[in-house]
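Participant: Below is one structure. I have some questions about it.
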Amino acid sequence: MRTLDCTDLKCPLPLLKLKVAINDDCSDRVIRLLTTDPTSLRDIPAFCSRMGHNLASINEGALLEFIVELRDD
């Protein structure tokens, strides 16, 4: 599992970093994204749904944690 630390980054940077990580040629099929940006609660689930990735979990608090399982191409 790859971890993306996007704490203190504001919209749209957490989503953009997730997109870059997905497009990287990496064997990790699960990405853990950490952010403090509340807009991500809307953006990340919508992106995953639109792109066919599985949003396995969301842990809410001062630090938001998203576990994204990438679709198989």
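None of the figures in this text is laboratory data; all of them are computed from the coordinates on show. A quick note: this is a predicted structure, and the numbers were derived from the prediction, not measured. Neighbour counts run over all protein chains shown; Cβ positions are idealised from the backbone, glycine included.
Participant: For D25, what charge total do you get from the other residues with a beta carbon under 13 Å from its beta carbon, if Lys and Arg give +1 and Asp and Glu give -1?
Facilitator: Net local charge, D25 excluded: -1.
Participant: In a shell of Cβ-Cβ distance under 15 Å around E60, excluding E60 itself, what net charge do Lys and Arg (+1) and Asp and Glu (-1) give?
Facilitator: So the surrounding residues net to -1.
Participant: Report, by chain and number, residues whose modeled amide H sits under 5 Å from the one on T3, excluding near sequence neighbours (fewer than 5 apart, same chain).
Facilitator: Amide H neighbours of T3: R32.
Participant: When a/c is below 1.5 the answer is rounded, else prolate if a/b is larger than b/c, else oblate, so apply that to segment 10-73 with a ≥ b ≥ c taken from the square roots of the Cα gyration tensor eigenvalues.
Facilitator: Prolate, since a/c reaches 1.5 and a/b exceeds b/c.
Participant: Using alpha carbons only, how many degrees (0 to 90, rounded to 10) separate the axis of helix 13-23 from the longest principal axis of the chain?
Facilitator: Once rounded, one gets 10 degrees.
Participant: Would you calculate a helix-derived [θ] at 222 nm for the chain, using -39,500 (n - 2.57) for each DSSP H run of n ≥ 4 and dividing by the full residue count, to the nearest 500?
Facilitator: -9500 deg cm²/dmol
Participant: If we count every other residue with Cβ under 12 angstrom of T7's Cβ, Lys/Arg +1 and Asp/Glu -1, where does the sum land?
Facilitator: -2
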